[in-house]
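*Asks:* The structure follows.
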Amino acid sequence: MNIPRAIHARTKAKGCTAVAEHALDIADDGSNDWMESHAPENRGWRFNGEHVQRSRLRVETRKWFLSKLMPKVYGDKSSVELSGSLDFAKEILAARKRVAKKCVTE
């Protein structure tokens, strides 16, 4: 049963890599970011914001899809940083004293 799982995992990883590479191709393709305007009042090249936004949406959709398929590889990374110190023995002793004091007063 492990061999089919291994094959499935490799195939899934290859497919996700292909999707990630396609997202890079979309991001790198700037062929339609500028278009020539033939309007008499505005001749020349103008920025095609609609195409840029569509490309951004396509890349973001693929990133989201990859983060759901393989979150350990393509998901958002989060890290926790701790500063300071904590003396567990001291804290446990203080908690026991509070419980003992509460039991005596009741």
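The values are calculated or read from the model by the stated rules, or taken from the named source; none is laboratory data. Predicted model, so just to flag it, every value in this text is computed and none were measured. Surface areas here come from the heavy atoms of the whole protein model, side chains and all, with no ligands, DNA or RNA. Shrake-Rupley method; radii C 1.70, N 1.55, O 1.52, S 1.80 Å.
*Asks:* For W34, enumerate residues with amide H under 5 Å from its amide H, sequence gap 5+ or separate chain, H modeled in the peptide plane.
*Replies:* Amide H neighbours of W34, under 5 Å, 5+ apart: N48.
*Asks:* Solvent-accessible area of S55, probe 1.4 Å, all protein chains present, reported in Å² to the nearest ten, please.
*Replies:* Surface open to solvent at S55 totals about 20 Å².
*Asks:* Now a separate question. Percent of alpha carbon pairs in the chain separated by more than 15 Å?
*Replies:* Details: 4372 of 5565 pairs.
So the portion of pairs separated by more than 15 Å is 79 percent.
*Asks:* Can you give me the % of accessible surface on the chain that is carbon or sulfur? Probe 1.4 Å, all protein chains present, nothing else counted.
*Replies:* On the way: 5530 of 9670 Å².
For the chain, the apolar C and S fraction of the accessible surface comes to 57 percent.
*Asks:* Rank these residues by their accessible area, most exposed first, probe 1.4 Å: K77, K72. Provide the component values of the computation, followed by the final result.
*Replies:* Values: K77 150, K72 185 Å².
From most accessible down to least: K72, K77.
*Asks:* Nearest 500 deg cm²/dmol is fine: what mean residue ellipticity at 222 nm does the chain get from its DSSP H runs of n ≥ 4 alone, each adding -39,500 (n - 2.57), divided by its residue count? Each step should come with its number before you reach the end.
*Replies:* Values: 4 runs with 70 residues, N = 106.
My calculation for the chain gives -22500 deg cm²/dmol from helical runs alone.
*Asks:* Which value, in Å², gives the accessible area per residue of the chain when a 1.4 Å probe is used on the protein heavy atoms? Mind showing how you got there, number by number?
*Replies:* Details: 9670 Å² over 106 residues.
Value returned for the chain: 91 Å² of accessible area per residue.
*Asks:* Counting pairs on different chains as well as pairs 8 or more places apart, how many Lys pairs in segment 49-106 have Cα atoms under 25 Å apart?
*Replies:* 5
*Asks:* Separate question: Restricting to Cα atoms and excluding each atom paired with itself, what does the Kirkwood estimate give for segment 1-50 in Å? Provide the component values of the computation, followed by the final result.
*Replies:* Working: mean 1/r = 0.0695 Å⁻¹.
After inverting the pairwise mean of 1/r, the radius is 14.4 Å.
*Asks:* Next question. Residue by residue through segment 23-38, what is 3J(HN,Hα) from phi via Karplus (6.51 cos²θ - 1.76 cosθ + 1.60, θ = phi - 60°)? Round to whole Hz and write x for glycine and proline.
*Replies:* Each residue's phi maps through the Karplus curve to give 4, 5, 4, 5, 5, 7, 7, x, 5, 10, 6, 10, 9, 7, 9, 9 Hz.
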